Every structure is written in C-alpha cells, then in structure tokens.
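The next block holds one structure in the form of structure tokens; read it before the comments.
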Amino acid sequence: MIKCNVTACGIIVSSAVEKQNKEGGKFLAFTLVVPIEGKDKSVKELHIGVTTEGDQTTAANYSAGRRVTIKGNLYIRKVEEAVYYNLRSEGAIEQNESSAQDRLEGSMEFRGKIGPKGIECKTSKKGSAFKVFSAFSSDKDGEKRAFTWVSFMVNPSVECTVEAGNYVEVHGDLLLDVFKNNLQLNCRVNKISPWDMNTEKTAPAAG
C-alpha cells in the first residue's frame with residue numbers, strides 16, 4: 001500500500017464528468033496533469049485521476065484548461081506494467097491563476113517488503129552519514145500481482161533496525177524525481193517499524 005497526503009497544483013486536461021459509486025452516490029472525476037522535473041532537468045508529465053464531491057451541476061467548475069490546487073489522499077497502485085495515481089480530494093478545490101507554480105508535495109505512508117540489498121550505509125558530500133534502502137508494495141489484480149518500488153533515505157536520528165526481506169510500515173516525506181523520462185518514487189523516512197501483513201488480512205471488514 002502506498003498512500004500519500006498531498007497538495008497538488010496542475011492543469012485539468014480532461015473535463016469533469018459525473019459518476020456513481022456502488023451505493024448510488026454521485027461524484028465527479030477528472031484528470032489533472034502535474035509536470036515533475038528531475039535532478040537531470042528532464043520533465044515527466046504525471047497524469048492524476050481526481051475524484052471529488054459534486055454532480056453534473058458543478059462539473060463546469062472543473063473544465064479542461066483550468067489550473068487548480070487540490071488537497072487530499074493520493075493512492076499509488078500498479079496494475080501489470082501501468083502505475084495509477086488516484087487522488088481523492090478533501091475540502092474545497094482552489095481555482096488558480098495561470099502563474100501558480102506546478103507542484104506535488106506531501107507525506108507518504110508505505111507498507112511493503114524491503115528488497116534483497118537490505119539497509120545500506122552512505123555518506124553525503126558534506127560527510128554526513130545516512131542509510132538507504134529500497135522496498136516494494138504489492139498490488140493484486142485478480143490472480144496477477146504487480147510491484148511498485150520506492151527508494152527510502154533514513155536520517156541518523158531515525159531508529160532503523162530492520163533488514164532485507166522484512167515487511168515494514170514507513171512514514172515520511174514524499175519525494176519525486178525523474179531519470180531518463182521515468183518517474184521515481186522516493187521517501188525521506190521519519191518513522192519505520194515492522195509490519196505484520198497477516199494482521200491486515202485477518203482484520204474484519206469496515207462497516
């Protein structure tokens with residue numbers, strides 16, 4: 001599971017349309033594009049599927065070409081080779097002037113498994129020590145599974161006693177980068193702890 005609490009500012013590229021959930025409730029859905037610039041100065045346009053409260057009477061507020069700022073929960077999920085970014089808005093969506101800066105920033109909550117390299121110790125150019133590791137989140141679509149990798153950086157002040165193959169829950173700052181036109185998910189760790197995936201599987205369904 002990868003869930004991020006974010007603020008996103010970008011341009012709507014597909015106008016809002018009314019949809020219904022399983023309970024018959026109405027909501028609006030549209031697509032937002034946020035350009036992400038990498039350290040190598042390459043730019044990747046990130047397409048985000050947005051859902052928000054409303055119906056066809058308010059859909060015109062979210063027409064293609066408008067620049068908006070949205071706060072809410074961003075869910076990152078992989079199906080086969082495609083990664084989907086779905087943002088559920090919370091609160092009012094802000095209409096912006098064209099001069100508003102593109103951005104996608106916030107925090108990440110991650111549950112998954114640490115990769116085979118485990119925890120590696122690094123030293124910055126300024127001589128500061130830190131730790132890094134990679135971990136993947138697993139998504140299931142029918143009988144197929146797909147894995148989304150995230151790179152994590154751990155500051156010395158954060159206790160980190162996990163190792164390769166451990167299942168972990170991580171909370172930290174969402175960091176995005178682009179390398180050779182590929183979007184990379186990174187996270188600066190604020191807290192890391194063991195995660196028992198069996199607890200989630202056996203938990204009773206909500207409601």
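With respect to the conditions (1) under 28 Å from residue 180 (Cβ atoms); (2) polar (S, T, N, Q); (3) not in a strand (DSSP E or B), residue 57 falls short on a single one, namely (1). Say whether the condition of being assigned to a strand (DSSP E or B), outside the structural domain of residue 67 (by TED's automatic domain parsing) and buried (at least 17 other Cβ atoms within 10 Å of the Cβ) is met by at least one residue in region 117-126. No: region 117-126 contains no residue that is assigned to a strand (DSSP E or B), outside the structural domain of residue 67 (by TED's automatic domain parsing) and buried (at least 17 other Cβ atoms within 10 Å of the Cβ).
Looking across 71, 78, one residue alone is modelled with pLDDT under 95, of a type in the set (Lys, Arg) and not assigned by TED's automatic domain parsing to the domain that holds residue 169. It is 78. Being under 16 Å from the mean Cα position of the chain (by Cα), more than 15 Å from residue 77 (Cα to Cα) and among the small types (Gly, Ala, Ser) holds for only one residue in 112, 172, and it is 172.
Could you tell me whether region 4-22 includes any residue that is out of contact with any strand residue (DSSP E or B) (no Cβ under 9 Å at 6 or more places or on another chain), assigned by TED's automatic domain parsing to the domain that holds residue 98 and free of Cβ contacts under 8 Å to residues at least 12 places away in the same chain? Even if it seems obvious, please write down each step before you answer.
Initially, region 4-22 is screened for residues out of contact with any strand residue (DSSP E or B) (no Cβ under 9 Å at 6 or more places or on another chain), giving 22.
With the extra rule that they be assigned by TED's automatic domain parsing to the domain that holds residue 98, the set shrinks to 22.
The next check asks that each one be free of Cβ contacts under 8 Å to residues at least 12 places away in the same chain; those that pass are 22.
Checked region 4-22: at least one residue is out of contact with any strand residue (DSSP E or B) (no Cβ under 9 Å at 6 or more places or on another chain), assigned by TED's automatic domain parsing to the domain that holds residue 98 and free of Cβ contacts under 8 Å to residues at least 12 places away in the same chain.
Of the conditions (1) at pLDDT 95 or above; (2) under 15 Å from the mean Cα position of the chain (by Cα), residue 10 clears all except one; give me its number. Of everything listed in (1) at pLDDT 95 or above; (2) under 15 Å from the mean Cα position of the chain (by Cα), residue 10 misses just condition (2). Does region 82-92 include one or more residues that are modelled with pLDDT under 95 and on the phi > 0 side of the Ramachandran plot? Looking for residues that are modelled with pLDDT under 95 and on the phi > 0 side of the Ramachandran plot, one finds at least one in region 82-92, hence yes.
So which of 150, 83, 132 is more than 16 Å from residue 183 (Cβ to Cβ) and assigned to a strand (DSSP E or B)? Explain how you work it out, then say what you get.
On the way: 150 fails: more than 16 Å from residue 183 (Cβ to Cβ); 83 fails: more than 16 Å from residue 183 (Cβ to Cβ).
Step by step, each of 150, 83, 132 is checked, and only 132 is more than 16 Å from residue 183 (Cβ to Cβ) and assigned to a strand (DSSP E or B).
Is it the case, given these coordinates, that residue 21 is of a type in the set (S, T, N, Q), closer than 30 Å to residue 198 by Cβ and under 18 Å from the mean Cα position of the chain (by Cα)? So residue 21 fails the test.
Here is a yes/no grid of residues against (1) over 30 Å from residue 68 (Cα atoms); (2) surrounded by fewer than 12 Cβ atoms within 10 Å (Cβ to Cβ); (3) modelled with pLDDT of 95 or more:
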{"site": "135", "(1), (2), (3)": "yes, no, yes"}
{"site": "140", "(1), (2), (3)": "yes, yes, no"}
{"site": "155", "(1), (2), (3)": "yes, no, no"}
{"site": "169", "(1), (2), (3)": "yes, no, yes"}
{"site": "198", "(1), (2), (3)": "yes, yes, no"}
{"site": "204", "(1), (2), (3)": "yes, yes, no"}
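Suppose we keep only residues that are surrounded by fewer than 16 Cβ atoms within 10 Å (Cβ to Cβ) and of a type in the set (A, V, I, L, M) within region 56-82. Which one would you say is nearest to residue 140 (Cα to Cα)? Among residues in region 56-82 that are surrounded by fewer than 16 Cβ atoms within 10 Å (Cβ to Cβ) and of a type in the set (A, V, I, L, M), the one nearest to residue 140 (Cα to Cα) is 79. Please determine, by comparing only the residues of region 21-55 that are polar (S, T, N, Q) and modelled with pLDDT under 95, which one is surrounded by the most Cβ atoms within 10 Å (Cβ to Cβ). Residue satisfying both the conditions and the ranking: 42.
The values are calculated or read from the model by the stated rules, or taken from the named source; none is laboratory data. Bear in mind the structure is a predicted one, so any value in this text is a computation, not a measurement. Positions of Cβ are generated from backbone atoms using ideal geometry, with glycine treated the same way; all protein chains shown enter the neighbour counts.
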